[in-house]
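Below: one structure, written as structure tokens.
The values are calculated or read from the model by the stated rules, or taken from the named source; none is laboratory data. Note that the coordinates shown come from a computational prediction; the quantities given were computed from them, not determined experimentally. Quick reminder, even Gly has a Cβ in these numbers, built from the backbone with ideal geometry, and neighbours come from all protein chains shown. Protein only, heavy atoms only, side chains kept; ligands, DNA and RNA dropped before computing areas. Shrake-Rupley method; radii C 1.70, N 1.55, O 1.52, S 1.80 Å.
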Amino acid sequence: AHLAALVLARGGSKGIPLKNIKLLAGVPLIGWVLRAATDAGVFRSIWVSTDHDEIEKVAKQFGAQVHRRSPEVSQDSSTSLEAIREFLNHHPEVDIVGNIQATSPCLHPSDLIKVADLIQKEGFDSVFSVVRRHQFRWSEVKKGENKMTEPQNLNPAKRYRRQDWPGELYENGSFYFAKRDLIEKGYLQGGKMAYYEMRAEHSVDIDIDIDWPIAEQRVLSFGYFGKEPLKEVKLLVCSVDGCLTNGRIYVTEDQKEMVSYDYRDIVGIDLLKKRGIQVRLLSERDCSKTLSAMQLGCVAKVSATNKLQVLEDWQKDMGLSWKEVAYLGNEESDVECLKKAGMSAVPADACALAQKAAGYICKSSGGCGAVREFAEHIFLLLEKVNSARKQ
């Protein structure tokens, strides 16, 4: 059977404009679930249904195919079922749809693999995700009503301790898998049904976690970062022009060159070095006098005609795996380095090709705090590595 992953991501959003591609921990929101779907390896095709050019662009960067949905199913009042049925009308080859919520960034491939088995090998017609909650419910008393609230799932005289109560299952909206014939009848849940219980820490819904910084912390702690385990970063290589500086060169009347930098970036470099992470600088032009004046105390390679070769030489000399190398670049000449490094980032104003190759896109522009921001991101991921070791 042709199992297709389908992520619904229209451009309109009442809460956060273009929420589906807003950066969450350096990755477009939709990128988290597309990465999980790709690495699960159970889908014959992966699709994003959208009505927006920018969302289409991001979807293709993450390897998804795009279905351009019609205006009729792109309204605020349009339902997911309507959008899925339209998709099936255009794709008769699809037998099963795995509708994955773009707003569930802590989804892991292991969950999708198990659900695919339920529906393909065990014969279920529909499978949906749930999470276990330990919450006591009470009946609602509307204003003006002359009655008392009543307990819904507890005896107040004999309240359960959490460890003595199994709790209740609630839909968490992460995904809904269903066979074509069921969807064509107007159902996402029906026939021979099963639920799939997700871990509570993986049940992050951005529609609920509107506070973006809190959501980012959850994703950094419990999100899926790729097939290979994270390793502790030991080397950060930073392109000078456009990353450490803003890329502008000021020329005085006596033909002397000047550049500007952000003191926050210098602090970021110092913090990295204090954590035992080497910082090395790379430039295509001869900026040795500038670097000397900045007194950063970093190894630097200037007039580099082949940045990738320099990066590979440093990686081999230090005896590091690529997972232990981080790279911050911003131009086409940085693309291959960004692809090689285990952690990669670009400033907000980097060129399109560099942004596509990077794993993290900074909110700050080059020369305006991007180095410090990437350093903070590295520190957060180091905490995730240390936590994994303890577990």
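Structure values in brief
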read-out: Point-charge dipole on Cβ atoms (K/R +1, D/E -1) for region 235-389, about Cα centre, debye to 20; value: 600
read-out: Where CYS337, CYS368 fall by accessible area, highest first, once all protein chains stay in place (1.4 Å); value: CYS368, CYS337
read-out: Selection of trypsin sites (Lys or Arg not before Pro), region 289-391, meeting DSSP coil and at most 12 other Cβ within 10 Å; value: LYS363
read-out: Amide H contacts under 5 Å for GLY366, placed H, 5+ residues apart; value: ALA348, ASP349
read-out: Heavy-atom accessible area ranking, 1.4 Å probe, most first, across LEU353, LEU311, LEU81; value: LEU353, LEU81, LEU311
read-out: Table column - 3J(HN,Hα) (Hz), region 86-99, Karplus curve with 6.51, -1.76, 1.60, x for Gly and Pro; value: 5, 4, 5, 4, 8, 9, x, 6, 7, 9, 9, 10, x, 7
read-out: Neighbour cut-off at most 14 other Cβ (10 Å), DSSP loop, chymotrypsin sites (Phe, Trp or Tyr not before Pro), region 173-235; value: none
read-out: Of all DSSP beta bridges in region 3-222, antiparallel share, percent nearest 5; value: 45
read-out: Theoretical gain in end-to-end length, LYS60 to GLU72 [0.36 nm per residue, Cα-Cα removed]; value: 2.0 nm
read-out: Solvent exposure ordering (accessible area, 1.4 Å, most first) of MET318, MET148; value: MET148, MET318
read-out: In degrees, nearest ten, helix 212-222 long axis to first principal axis of the chain (Cα); value: 90
read-out: For region 235-333, alpha-carbon Rg relative to the globular expectation (2.2 N^0.38 Å, N residues); value: 1.10
read-out: Euclidean distance of C-alpha centroids, region 84-160 and region 303-360, integer Å; value: 41
read-out: GNM top mover of SER365, SER321, SER45 - the chain, alpha-carbon springs below 10 Å; value: SER321
read-out: Placed amide H near TYR196: partners under 5 Å, 5+ positions off or other chain; value: PHE128, SER129, VAL130
read-out: Length-normalised contact order of the chain in % [C-alpha pairs under 8 Å, at least 6 apart]; value: 15
read-out: DSSP beta bridges in the chain [antiparallel fraction, %, rounded to 5]; value: 35
read-out: Sites matching GluC sites (Glu not before Pro) across region 68-174 that sit in DSSP coil, with at most 14 neighbouring C-beta atoms within 10 Å; value: GLU93, GLU122, GLU140, GLU145
read-out: Table column - 3J(HN,Hα) (Hz), region 263-280, Karplus curve with 6.51, -1.76, 1.60, x for Gly and Pro; value: 4, 4, 5, 5, 4, x, 5, 4, 5, 4, 5, 5, 8, x, 9, 6, 10, 10
read-out: DSSP beta bridge pairing in region 235-389, given as percent antiparallel to the nearest 5; value: 15
read-out: Nearest-ten-degree value, helix 29-40 long axis tilted from longest Cα axis of the chain; value: 80
read-out: Which label in [x] 20.7, 69; [y] 24.9, 87; [z] 25.9, 86 gives the computed Rg and Dmax of the Cα atoms in Å; value: [y]
read-out: Candidates GLN65, GLN295, GLN120: whichever shows maximal mean-square fluctuation once the chain is modelled as a Gaussian network with Cα springs under 10 Å; value: GLN295
read-out: Sequence-distant aspartates and glutamates (8 or more away, or on other chains) whose Cα lies within less than 13 Å of LYS289; value: GLU257
